[in-house]
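For reference, the structure discussed in these notes is given below.
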Amino acid sequence: GEVLKNLNKFYKRKEIQRLGAENGLDARLFHQAFISFRKYIMESSSVSADLHIILNDICCGFVLLGHVDDLFPFFLRHAKQIFPMLDCMDDLRKISDLRLPPNWYPDARAIQRKIIFHAGPTNSGKTYHAIQRFLSGKSGIYCGPLKLLAHEIFQKSNDANVPCDLVTGEERVFANEDARQAPHVACTIEMCSTNTPYEVAVIDEIQMIRDPARGWAWTRALLGLCAEEIHVCGEPAAIDLVTELMYTTGEEVEVRNYERLTPLTVLDYALESLDNLRPGDCIVCFSKNDIYSVSRQIEARGLECAVIYGSLPPGTKLEQAKKFNDPDDPCKILVATDAIGMGLNLCIRRIIFNSIVKPSVNEKGEKEIDSITTSQALQIAGRAGRFGSSFRQGEVTAMHRDDLVQLREILSDAVPPVKAAGLHPTPEQIEMFAYHLPDATLSNLIDIFVSLSQVDGMYFVCNIDDFKFIADMIQHIPLNLRSRYVFCTAPLNRKEPFVCTTLLKFARQFSRNEPLTFDWLCRHTKWPLAAPKNIKELVHLEAVHDVFDLYLWLSYRFMDMFPDAVLVRDIQKKLDDIIQIGVCNITKLIRASQSAAAPGTAEAVAEDSPVSRTQKDARVLSDRHGAASTEALSIAEEAAGLRRAKNSRPSRLGSRQEELKSYGRGSLANRLLREGLLTQEMLRQLESEWQDQHRNGRYGFGSKRDDQPGSKETRKKRK
């Protein structure tokens, strides 16, 4: 007891904490080291003799002989055993010093570049003017955030008789038949070369330099491209940051401002019902479940709709856009996620926000549900009334009346200025770390790098959760550091188990030096595949498409080990066609999925009524969680509580995130929302059913209750 008391006294001493910090132990490392040191002393049977003597002197109260501070050398020795980097902290700090990113690009610093910022909202012609300069240059590079945008510029350029190559993570297309490099190239921003000289460079959507995961790619392009003229396009909110960054390189920024080319009106009424849809309408949802629900209800009204969401292959997105844009096609309604915000040319008359809350990931890599930002809302709303389309002006509204008030406020707010640019550790920096810490795992190396990294106020280190996820997943597979790093930067949808297990198999076979052949891939994916019969099969086909993307991405980094890129690209195009069939029949797939989820049901109500759909949704949720139908109704009660909390607020002082927090982190509705098993649309339907049953004196599916919603007794029963 006396030993423990003195150890805790040692831990709390400010002087000891200061000494720890001087030796590289920040608060987190100091705490971890102390826990380990205390365990070593309390549980070890072989404490060193000198440490034993010091402890004895301290515990016996020999003030002249022993003081708790005397434990520090032993503590530091122990800390260095569990944190080897403490021995080479000065070297590691130098390697992870990220305070002067412009110095990483000596080729760019060797020339005087001219920076032109084309600033304006969506549909203002800013990118058009930059591209005109790109096409007129002797050589040029276009850097965009999406494969679709790179494809579009590649196509435009070659159609204008300006030979242009295409470079994305998964694809290389040469304009010249003999595979000679063309003077122009359109690429996804991560793929741009900082060594090749160009006359003109275009960096699109520059505001994405603040993106928590991908911002580093815009920073790298802006600081590192070797071009005489660099044209950046994006929101005015990024002007100040770009100007500051260029000040550190000694380069001036010329700003050209653009206004929207067609008027955009925020309507003073909500849609309220899908019966009020008109040709040219686009309903924007923020989850796939809402996409499925809304498209099903639209078809039930005898209308055709196109569907676009993020995980669809690019070819399918383009086909759905073409179907919606075609004046001779009966499809006049589009249901989409915010994937329409960039990369697709669409003839939209009116944007309708089905919801104004969206799941997101913050800079710490934590999932949040919050109201959409002004920047996101403007990007999406701006797709209505595109210049040159059949609609001369755009309109925007919300599906629900109570959302429209908040949407107006969001759209009228000023976009907050972009404050910082993203950075990411390079392979060379990680290799130098590994030299000093040969026994550390790659995931640990990244953690140590981020904890030691120093950045100035204009930069931040991007979150590296995806990188670490793969690093941990393949840690047990013997790979050299460079190969391991490449695998960890592969594009991976962590939510898809099939894609994750495939990457694991790729890495395992790669480590055995066994090439990943076309036949192997066909066996693994069970190719050829049939058209999907339900939503689950459609989702699996999308995952297989991601697997083919993964193979192609790796084939450009390890050509010998992934030798069959041409064959894989061929079957990927066929798979794209199969997925297109599925998406065209999406309402039939939803119907099949609902039948499978709730076989043998015979509601007296119409199939597409809110009550009927809600009961089905509740049963699906109950099946997933093993909960009774009363638990599904408890979600409805919580939905009602959330809506009441929302309507009682006079203004948008707190976000929807705060509503969810205020209603209780542990609530079932909140938990299911966070996990993506419950959507805002389902929440509304559940609330509607609960209110109907409450009015009619019925509670549960045919059961009765005597208590009142929201009372303590109710909550006890729910528990």
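Among the GluC sites (Glu not before Pro) in segment 176-283, those located in a DSSP loop and surrounded by at most 13 other Cβ atoms within 10 Å of their own Cβ are E177, E252, E259, E272. With the cut-off at under 14 Å, measuring from each backbone N in segment 431-449 to a point 7 Å along the Cα-to-Cβ line of Q475 picks out 439-448. Where the centroid of each part is defined by its Cα atoms, how far is segment 461-499 from segment 193-218 in Å? So the two Cα centres are separated by 23 Å.
In this structure F518 has an accessible area near 40 Å², from a 1.4 Å probe over the protein heavy atoms. Cross-link pairs exceeding 27 Å in C-alpha to C-alpha distance, out of K367/K536; K533/K573; K94/K114; K358/K536, comprise K94/K114. In terms of accessible area, using a 1.4 Å probe and ignoring ligands and nucleic acids, Y198, Y551, Y11 rank largest first as Y11, Y198, Y551. The trypsin sites (Lys or Arg not before Pro) of segment 1-78 include none that meets both conditions, a loop assignment by DSSP and at most 12 other Cβ atoms within 10 Å of the site Cβ.
The slack in the chain from D107 to R214, taken as 0.36 nm per residue of separation less the alpha-carbon distance, amounts to 36.2 nm. Taking all protein chains as they are arranged and a probe of 1.4 Å, the heavy atoms of I116 leave approximately 0 Å² accessible to solvent.
Database remark: amide H of T265 closer than 5 angstrom to the amide H of G394, E395, V396 (H placed geometrically; neighbours at sequence offset of 5 or more, or on other chains; Pro and chain starts carry no H). When you restrict to C-alpha pairs under 8 Å that are six or more residues apart and normalise by the size of segment 103-257, the relative contact order lands at 35 percent. In a DSSP loop and with at most 16 other Cβ atoms within 10 Å, the trypsin sites (Lys or Arg not before Pro) in segment 464-559 are R494, K495, R512, K526, K533, R557. Distances between placed amide hydrogens fall under 5 Å for V202 paired with I141, Y142, C143, H231, all partners being 5 or more residues away or on another chain. Given their separation in residues at 0.36 nm each and the Cα-Cα distance between them, T194 and T248 gain 17.6 nm when the chain is fully extended. Note on surface exposure: I430, I95 rank I95, I430 by accessible area, highest first, 1.4 Å probe.
Taking Lys and Arg as +1 and Asp and Glu as -1, the other residues whose beta-carbon sits under 13 Å from that of K114 total -3.
In order along segment 145-161, the Karplus-derived 3J(HN,Hα) couplings, from 6.51 cos²θ - 1.76 cosθ + 1.60 at θ = phi - 60°, round to x, 10, 4, 4, 5, 4, 4, 4, 5, 4, 5, 4, 4, 5, 5, 8, 6 Hz, and Gly and Pro are given as x.
Ranked by solvent-accessible area (1.4 Å probe, protein heavy atoms only, all chains present), the residues W216, W520 order from largest to smallest as W216, W520. With N as its number of residues, segment 24-103 has a Cα radius of gyration that, divided by 2.2 N^0.38 Å, comes to 1.44.
Heavy-atom accessible surface of R278, to the nearest 10 Å², is about 80 Å², with a 1.4 Å probe and all protein chains retained. Computed 3J(HN,Hα) for segment 584-590, one whole-Hz value per residue from the Karplus formula 6.51 cos²θ - 1.76 cosθ + 1.60 where θ = phi - 60°, is 4, 9, 4, 5, 5, 5, 4, glycine and proline marked x.
The calculated FRET efficiency for D69 paired with D456, based on their beta-carbon distance and R0 = 41 Å, is about 0.70. Evaluating 6.51 cos²θ - 1.76 cosθ + 1.60 at θ = phi - 60° for every residue in segment 40-48, the Karplus couplings come out as 4, 5, 6, 10, 6, 9, 10, 5, 4 Hz, glycine and proline recorded as x.
The values are calculated or read from the model by the stated rules, or taken from the named source; none is laboratory data. Computed from a prediction, not measured in an experiment: that's the story for all the values here. Neighbour counts run over all protein chains shown; Cβ positions are idealised from the backbone, glycine included. The accessibility values were calculated without ligands, DNA or RNA, using every heavy atom of the protein model including side chains. Shrake-Rupley method; radii C 1.70, N 1.55, O 1.52, S 1.80 Å.
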